[in-house]
1. Give me the residue from the range 174-224 that is open to solvent by less than 20 Å² (accessible area, probe 1.4 Å), more than 30 Å from residue 110 (Cβ to Cβ) and part of a loop (DSSP other than H, G, I, E, B) and, out of that set, modelled with the lowest pLDDT.
2. Picking from 171, 147, 126, which residue would you name as being crowded, with 16+ Cβ neighbours inside 10 Å and either assigned to a helix (DSSP H, G or I) or in contact with a Ser or Thr (Cβ under 8 Å, 6 or more places away or on another chain) (or both)?
3. Does any residue of the range 87-106 turn out to be within 21 Å of residue 193 (Cα to Cα), buried (at least 17 other Cβ atoms within 10 Å of the Cβ) and not small (Gly, Ala, Ser)?
4. Would you check if residue 52 is surrounded by 15 or more Cβ atoms within 10 Å (Cβ to Cβ) and either modelled with pLDDT under 95 or not in a loop (DSSP other than H, G, I, E, B) (or both)?
5. Got at least one residue in the range 64-73 being acidic (Asp, Glu), within 17 Å of residue 89 (Cα to Cα) and either open to solvent by 20 Å² or more (accessible area, probe 1.4 Å) or in contact (Cβ under 8 Å) with a residue 60 or more places away in the chain (or both)?
6. Could you list, in sequence order, all residues of the range 33-49 that are among the polar types (S, T, N, Q) and outside any strand (DSSP E or B)?
Amino acid sequence: MEVLKRLFEQHYRFQPEQVHPLQGQLGGSGRAIVRLAGQGISAIGILYSVREENIAFLEFSKHFRRHGLPVPEIYKEDLDEGAYLEEDLGDSTLYEFLVQNRSEGAVALPALEAYRRVVAVLPRFQVEVGRNLNYKVCYPRASFDRQSIAWDLNYFKYYFLRLAGISFNEQALEHDFGRLTKFLLSADRDYFLYRDFQSRNIMLRDGQPFFSRLPGRPKGSSAIRHRIAAL
């Protein structure tokens, strides 16, 4: 964590008084996420060892920020150490807001309005500011091609169906995967694909959405990653 403390001090000109782990090695991301705070100011520090993905995240975040999209500001970075410091967007995710505004299957109006605001921003990422994006830094592939689709479909099979104990016909599922892949590859793919556009990666601050986990992902077909939100 010393590198994050150093980046904090370089940016704010004083040392952090508190360092609180927020996520640790959660899920498959492998990122260590901490909140550094002092003198009433806080920032989020990230440690992640995959240099190529860090480069994609940082470049895309700065590009979207320059175009006025609601993403966290990048304060400092040290690619050699796999570390960067970014704006603290608080603790309220869209997912948590949904849970608080849902009862017996019914979604309250404030949650629906929040979703409308979130979805309204998506075309700006995918079309408007995606036109002059540097796709050369995409990770792990520059295009949402057949291989990328296969990775996502298999992720759905092994990390949802199998883990949830849902019975399925393997051959029938593979047949459906093939049909879906063929359909997706026939679509126009000349725009930015915002993958992992889901409620746990979207923060709400003063009721407005901020997109906290921008993926360094490729141009692609019209498919968005398998979960858009936990509705």
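The values are calculated or read from the model by the stated rules, or taken from the named source; none is laboratory data. What you are looking at is a predicted structure, and each value in this text was computed from that prediction instead of being measured. In this analysis, Cβ positions are derived from the backbone assuming ideal geometry, glycine residues included, and neighbour counts consider all displayed protein chains. When the accessible area is computed, the model is the full protein with side chains, heavy atoms only, and any ligands, DNA or RNA have been set aside. Shrake-Rupley method; radii C 1.70, N 1.55, O 1.52, S 1.80 Å.
1. Within the range 174-224, the match that is modelled with the lowest pLDDT is 221.
2. Details: 171 fails: crowded, with 16+ Cβ neighbours inside 10 Å; 147 fails: crowded, with 16+ Cβ neighbours inside 10 Å.
Being crowded, with 16+ Cβ neighbours inside 10 Å and either assigned to a helix (DSSP H, G or I) or in contact with a Ser or Thr (Cβ under 8 Å, 6 or more places away or on another chain) (or both) holds for just one of 171, 147, 126, which is 126.
3. As a first pass, look at the range 87-106 and keep what is within 21 Å of residue 193 (Cα to Cα): 94.
Checking the rest, the ones that are also buried (at least 17 other Cβ atoms within 10 Å of the Cβ) come to 94.
Add one more test, that the residue is not small (Gly, Ala, Ser), and what stays is 94.
There is at least one residue in the range 87-106 that is within 21 Å of residue 193 (Cα to Cα), buried (at least 17 other Cβ atoms within 10 Å of the Cβ) and not small (Gly, Ala, Ser).
4. Details: surrounded by 15 or more Cβ atoms within 10 Å (Cβ to Cβ): no; either modelled with pLDDT under 95 or not in a loop (DSSP other than H, G, I, E, B) (or both): yes.
Taking the combined requirement at face value, the residue does not satisfy it.
5. Kept after step one, since they are acidic (Asp, Glu), are these residues of the range 64-73: 73.
Still in the list and also within 17 Å of residue 89 (Cα to Cα): 73.
When the remaining residues are screened for being either open to solvent by 20 Å² or more (accessible area, probe 1.4 Å) or in contact (Cβ under 8 Å) with a residue 60 or more places away in the chain (or both), the result is 73.
There is at least one residue in the range 64-73 that is acidic (Asp, Glu), within 17 Å of residue 89 (Cα to Cα) and either open to solvent by 20 Å² or more (accessible area, probe 1.4 Å) or in contact (Cβ under 8 Å) with a residue 60 or more places away in the chain (or both).
6. To start, the set of residues in the range 33-49 that are among the polar types (S, T, N, Q) comprises 39, 42, 49.
Hits for the range 33-49 are 39, 49.
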